[in-house]
Amino acid sequence: MKAAVYLSTLGCRLNEAELVSWTGALEDQGHTVVSRVQDANLIVLNTCAVTSEASRKSRKLAGSLHRKNPNARLVVTGCMAELEPERAAALAGVDMVVSNMAKDALVAEVLNKLDLEAMPQMATEPESAHPYSDPPDASEAQSALLQLGKRSTPRSRAFIKVQDGCRNHCSYCVVTIARGDERSSSIANLIDEINGLHEESYKEAVLTGVHLGGYGHDLDTDLFTLVRALLRDTDIERLRLSSLEPWDLPKNFSELWDNPRLMPHLHLPLQSGSDTVLRRMSRRCFTDEYRDLVTNLRANVRDLNITTDLIVGFPGETDDEFTESLAFVEEIGFGHMHIFGFSPREGTRAEKLIGRIDGKTIRERSRAMHRVAARMKEQHMAGYLGTSQPVLWESGRALEDGRTAFQGYTDNYLRVRTVGIELGNRVTMAKLLEIEGTPAERFVAEV
Ligand code: SF4
């Protein structure tokens with residue numbers, strides 16, 4: 001029996017990349033990936049646990065998917081399932097939990113173990129209300145938003161999982177616990193995968209991993225060698241790096257951008273601008289090293305856009321440390337920032353640290369950091385007003401007047417929108433006319 005599979009995910013680019021590779025594996029075996037959960041006889045949910053809120057949303061989504069199609073088999077995998085396998089298995093309608101270590105072989109594992117013909121266990125026991133099943137209010141929009149990575153949809157940008165796991169032990173991080181030791185895909189396989197996507201007319205490949213900078217650690221190679229090989233041996237138009245920890249990068253790393261197919265955007269998580277906080281976080285990059293790295297990259301990579309992640313309210317964070325963090329952020333200047341209030345994760349060392357910051361203070365610090373981030377982003381974008389930039393236009397939305405609204409990203413990851421005809425999955429020059437959104441969000445452009 002052929003499977004009609006509904007794939008859903010929350011969380012990071014790595015989760016999205018896994019959906020792309022499962023889609024390929026399923027379609028290669030003649031199964032179908034469907035866009036409506038009601039049309040599926042198998043549902044696979046890739047969960048997240050980066051914060052307790054992400055774990056809660058993962059459980060909620062599992063419940064919502066099961067209610068929308070109680071007859072389908074439901075498989076749960078990902079970091080929430082990895083950290084709480086019993087709890088995941090006890091969720092309403094769950095037929096199988098697949099660990100993160102078994103994810104690369106998930107399609108084979110599921111299709112071997114699950115008998116698609118048979119009715120799911122749950123349907124025959126209408127009275128068994130599982131204590132963990134979530135209230136029935138999961139929104140339609142949420143599942144539609146979270147369904148990603150099918151090859152049969154617009155072929156503009158694909159996330160490529162190049163490695164998994166992390167050998168670092170940042171004290172707040174649950175991902176390193178959930179994803180295990182570092183393991184990398186071979187350069188040869190990644191060249192084939194990206195050339196395969198190029199043949200399917202994808203324009204951009206985004207290299208992603210848990211610790212991208214750790215690529216090749218287990219294969220006696222490294223990220224620099226991988227990127228150089230991909231630029232040499234693939235024909236895809238654009239290559240982009242996703243989040244990259246600001247350490248273990250070779251001095252000549254910026255040389256890679258001599259090739260214009262490598263996009264001038266780097267997401268370098270800083271996490272705090274205070275060295276004493278960074279020490280309690282067990283981060284391996286302090287402000288001096290971060291400043292030197294950014295200065296070197298900006299000196300050698302034209303139009304480089306640097307974005308970052310930052311935590312406010314880490315245990316023990318004093319007013320002085322927060323002021324230091326703000327000042328360092330302003331000194332560096334970022335094109336965009338993801339700002340998180342500290343969220344203790346079970347099983348991490350930070351969970352046991354003394355000096356927990358109260359919620360009100362965390363919210364105040366988050367607002368203050370967001371104000372700085374918004375001002376920096378507006379200043380950064382203002383520098384591009386009136387210029388023409390290459391934009392990869394992604395899927396469009398039809399307008400009543402017959403034209404289409406398109407959205408896309410410049411090579412240095414500035415968001416742009418325009419109205420036009422047949423721009424989908426094309427890279428064109430676009431004149432950036434005005435900045436839209438408060439705080440500044442994207443450009444309005446003409447093509
Ligand atoms: S580098 Fe640190 S934050 Fe990143 S995945 Fe590893 S342990 Fe987590």
(message) Which count do you get for residues in the stretch 162-202 that are open to solvent by 30 Å² or more (accessible area, probe 1.4 Å) and more than 10 Å from the ligand (Cβ to nearest atom)?
(response) 14
(message) Among the residues in the stretch 166-189, are any β-branched (Val, Ile, Thr), at pLDDT below 95, in contact with a His (Cβ under 8 Å, 6 or more places away or on another chain) and not assigned by TED's automatic domain parsing to the domain that holds VAL427?
(response) yes
(request) Please find, within the stretch 242-282, the residue that is nearest to GLY213 (Cα to Cα) out of those that are part of a loop (DSSP other than H, G, I, E, B) and open to solvent by 50 Å² or more (accessible area, probe 1.4 Å). (result) ASP248
(message) Just the residues that are open to solvent by less than 20 Å² (accessible area, probe 1.4 Å) and not aromatic (Phe, Trp, Tyr), please, taken from the stretch 305-320.
(response) ASN305, ILE306, THR307, THR308, LEU310, ILE311, VAL312, GLY313, PRO315, GLU317
(request) Could you tell me whether the stretch 403-415 includes any residue that is closer than 22 Å to PHE340 by Cα and touching a residue at least 60 places away in the same chain (Cβ under 8 Å)? (result) yes
(request) For the stretch 48-76, name all the residues that are touching a Leu at 6+ places or on another chain (Cβ under 6 Å) and in a strand (DSSP E or B). (result) ARG73, VAL76
(message) For the stretch 283-295, which positions are touching a helix residue (DSSP H, G or I) at 6+ places or on another chain (Cβ under 6 Å), part of a helix (DSSP H, G or I) and within 15 Å of the ligand (Cβ to nearest atom)?
(response) none
(request) Note down all Cβ pairs under 6 Å where the first residue falls in the stretch 158-180 and is within 11 Å of TYR215 (Cα to Cα), the second is near the ligand (Cβ under 8 Å from one of its atoms), and they're at least six residues apart or on different chains. (result) ASP164/ARG179; ASP164/VAL210; GLY165/ARG179; GLY165/VAL210; CYS166/THR176; CYS166/VAL210; CYS166/HIS211
(message) So the check is Cβ under 6 Å with 6+ separation or different chains; which pairs have a first residue in the stretch 55-84 that's within 11 Å of VAL44 (Cβ to Cβ) and a second one that's open to solvent by 10 Å² or more (accessible area, probe 1.4 Å) and assigned to a helix (DSSP H, G or I)?
(response) LEU74/HIS66
(request) Please work out which one of (1) under 29 Å from LEU226 (Cβ atoms); (2) within 22 Å of the chain's Cα centre (by Cα); (3) open to solvent by 20 Å² or more (accessible area, probe 1.4 Å); (4) within 14 Å of the ligand (Cβ to nearest atom) is the condition HIS336 fails and give its number. (result) (4)
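Say we look at the stretch 203-222 and pick out the residues that are within 14 Å of the ligand (Cβ to nearest atom) and touching a strand residue (DSSP E or B) at 6+ places or on another chain (Cβ under 8 Å); which of these is farthest from THR428 (Cα to Cα)?
Looking at the filtered set, the residue picked out is HIS217.
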(request) With a cut-off of at least 3 residues that are in contact with a Phe, Trp or Tyr (Cβ under 9 Å, 6 or more places away or on another chain), open to solvent by less than 30 Å² (accessible area, probe 1.4 Å) and not aromatic (Phe, Trp, Tyr), name the strands (runs of 3 or more DSSP E) lying wholly within the stretch 357-424. (result) 388-398, 415-420
(message) Looking at LYS60, LYS103 in this structure, which one is crowded, with 20+ Cβ neighbours inside 10 Å and within 26 Å of GLY196 (Cβ to Cβ)?
(response) LYS103
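Return yes when ARG298 is open to solvent by 10 Å² or more (accessible area, probe 1.4 Å) and within 16 Å of the ligand (Cβ to nearest atom) and no when it is not.
no
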(request) Only residues that are touching a Gly at 6+ places or on another chain (Cβ under 8 Å) and open to solvent by 40 Å² or more (accessible area, probe 1.4 Å): list them for the stretch 29-53, please. (result) VAL50
(request) May I ask you to list the residues in the stretch 204-222 that are within 18 Å of HIS265 (Cβ to Cβ), surrounded by 21 or more Cβ atoms within 10 Å (Cβ to Cβ), touching a residue at least 60 places away in the same chain (Cβ under 8 Å) and of a type outside the set (Gly, Ala, Ser)? (result) GLU204, THR208
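The values are calculated or read from the model by the stated rules, or taken from the named source; none is laboratory data. Predicted model only: the values in this text are computed from it and were never measured. In this analysis, Cβ positions are derived from the backbone assuming ideal geometry, glycine residues included, and neighbour counts consider all displayed protein chains. Calculation scope for accessible area: heavy atoms of the full protein, side chains included, ligands and nucleic acids excluded. Shrake-Rupley method; radii C 1.70, N 1.55, O 1.52, S 1.80 Å.
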